[in-house]
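The values are calculated or read from the model by the stated rules, or taken from the named source; none is laboratory data. As the structure is a computational prediction, the values presented were derived from the model and not from experiment. Backbone-built Cβ (ideal geometry, glycine too); neighbour counts: all protein chains shown.
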Amino acid sequence: MNSEEIVRLCKQHTMYTWNKGDAVNPIPIDRADGIYMYTTDGHKLMDFNSQLMSVQVGHNHPKVREAIKKQVDQLTYVFPASATAVRARVGKLLADITPGNINTFFFTLSGAESNENAIKAARLYTGRFKILSRYRSYHGATNACMQLTGDPRRLANEPGTPGFVKVFDPWPYHYSFGKTDAEITEQNLRYLEEVIMYEGPDQIAAMFIESVTGTNGILAPPAGYLKGLRELLNKYGILLVCDEVMAGFGRTGKLFAFEHGDIVPDIVCMAKGLTSSYIPLGAMGVSDPIAAHFRENVFWGGLTYNSHPMGLAAAEAAITALLDEKLIENAAKLESVMREEMDGLKERHVSVREGRCIGLFGMVDLQKNSKGERMAPYNGSHPAMKKFHKALLDNGLFTFVRWGSFMCNPPLCITEEELREGYAIIDKCLAITDEAFEG
Ligand SMILES: Cc1ncc(COP(=O)(O)O)c(C=O)c1O
């Protein structure tokens, strides 16, 4: 099949996500290796978003590939009530590397399924119903996760299942500027405590947060926020669930992003980087008291593909590669290079408003005037953003361009030289958004 046929048949017979089928313009991908992907026409693209912020170890890793092949020869599937060697090993491995008293894992197939099961676990464990989450969040596309999600993808899915209460995260754009981290934290937690009062503290099972907000802005919490939040929720017996689906597995320069705040949640949800996306797998990790509860009480949840050997084999190899090749350390080390490059873009381009990163988790916001108004508003678009996106691809760089921002989330195996090469392409293409700058 040639590229046109591939695209035509994909569009004709398969549905695409989050878009009208006729509006998508998919890139036909033939293969990928390291930090690069190659189109069916042989065009080489640097993967500056690790696909969906998930291919941590890079594409086509020989050891992950080998582990998957080995598992195919050993055992491809058994039902979830079985015990397998790979399940035993990955459970133990995750218990060893996850901080604190999180030692027990329920395996799923995706981030959304991990969060769905965390909602269930929190409700069953506490006997409470309500769930708090934040507006600037994405937690998955399944029914309950859409209600957990704050961003606009929730809106078309409303009304949904009841019991979900949204709050502001600590960075509401317009009134946090100029304040210290301590002031922002204090103000946000005071507001949150008031919400908890109004909603009824003994009704609230859990609060879900992305430890570092992902798609909705790459927003690391202000210093002290995670500790303060942990204490506040403890005061009311509300569980803290950290959704580490995007921020976990080294993306922020630590294995889990909550480690930056020196806390341990009650439940941690993971997927994406767990297998570097080689095979679908998610997990919900629970603290010892929650695990003890479900040793004596039924966990009312199940999946045909729970603890799937293929996913577990990929997870074992991907985590081992992440640790052995010191990719988390690499992400931490290259944070300063990414920041320096972002600062350089801001100096050279009037359309660059701000760049942020933690580890290799980064985003740059573009502006259309010197008042700092976004090039495209929240949930909106602008022709210059589309042109900029196309120019990136034409110049050999793949990344996500969303609203008035673009993502900088390369695989964690990227070198300093490659990272700078990526920014050189971006630098060139920003001439387009500079041209759209209104002054
Ligand atoms: C923070 C977060 N949680 C959950 C999800 C949902 O994961 P999945 O698409 O694997 O269901 C995502 C996906 O992007 C995510 O970023």
Practice task
Could you list, in sequence order, all residues of segment 79-117 that are hydroxyl-bearing (Ser, Thr, Tyr) and either free of Cβ contacts under 8 Å to residues at least 24 places away in the same chain or over 22 Å from residue 239 (Cα atoms) (or both)?
Solution key: 82, 84
Exercise for the section: Could you tell me whether any residue of segment 234-245 is in the same structural domain as residue 283 (by TED's automatic domain parsing), away from the ligand (no atom under 15 Å from the Cβ) and of a type in the set (Ser, Thr, Tyr)? Expected result: yes
Problem - Residue within segment 78-89 that is within 16 Å of the ligand (Cβ to nearest atom), surrounded by fewer than 18 Cβ atoms within 10 Å (Cβ to Cβ) and in the same structural domain as residue 150 (by TED's automatic domain parsing) present - result: no
Problem - Tally of residues being assigned to a loop (DSSP other than H, G, I, E, B), under 17 Å from the mean Cα position of the chain (by Cα) and not acidic (Asp, Glu) across segment 225-258 - result: 12
Handout entry: Selection from segment 179-224 of residues that are within 16 Å of the ligand (Cβ to nearest atom), of a type in the set (A, V, I, L, M, F, W, C) and either in a helix (DSSP H, G or I) or under 30 Å from residue 127 (Cα atoms) (or both)
Key = 206, 207, 208, 209, 212
Practice task
Inspect segment 315-338 for any residue being farther than 30 Å from residue 406 by Cβ and without any contact (Cβ under 8 Å) to a residue 60 or more places away in the chain and give the result as yes or no.
Solution key: yes
Completion exercise
Only one of (1) surrounded by 21 or more Cβ atoms within 10 Å (Cβ to Cβ); (2) β-branched (Val, Ile, Thr); (3) away from the ligand (no atom under 16 Å from the Cβ) does not apply to residue 165, and that is (1)
Fill in the blank from the handout: Scanning segment 36-60 for residues that are touching a helix residue (DSSP H, G or I) at 6+ places or on another chain (Cβ under 6 Å) and surrounded by 21 or more Cβ atoms within 10 Å (Cβ to Cβ) gives 46, 48, 54, 56, 57
Exercise for the section: Evaluate the following for residue 180: is it of a type in the set (Ser, Thr, Tyr) and surrounded by fewer than 18 Cβ atoms within 10 Å (Cβ to Cβ)? Expected result: yes
Completion exercise
By residue number, the members of segment 109-148 that are more than 9 Å from the ligand (Cβ to nearest atom), polar (S, T, N, Q) and crowded, with 21+ Cβ neighbours inside 10 Å are 117, 133, 147
Handout entry: Per-region count, segment 259-283, residues part of a helix (DSSP H, G or I), away from the ligand (no atom under 12 Å from the Cβ) and free of Cβ contacts under 8 Å to residues at least 60 places away in the same chain
Key = 1
Fill in the blank from the handout: The condition of being surrounded by fewer than 22 Cβ atoms within 10 Å (Cβ to Cβ) and within 22 Å of the chain's Cα centre (by Cα) holds, among 417, 335, only for 335
Problem - Any hit, segment 95-103, residues being away from the ligand (no atom under 16 Å from the Cβ), under 21 Å from residue 219 (Cα atoms) and touching a helix residue (DSSP H, G or I) at 6+ places or on another chain (Cβ under 8 Å) - result: no
Fill in the blank from the handout: Within segment 1-31, residues part of a helix (DSSP H, G or I), closer than 19 Å to residue 398 by Cα and within 27 Å of the chain's Cα centre (by Cα) come out as 23
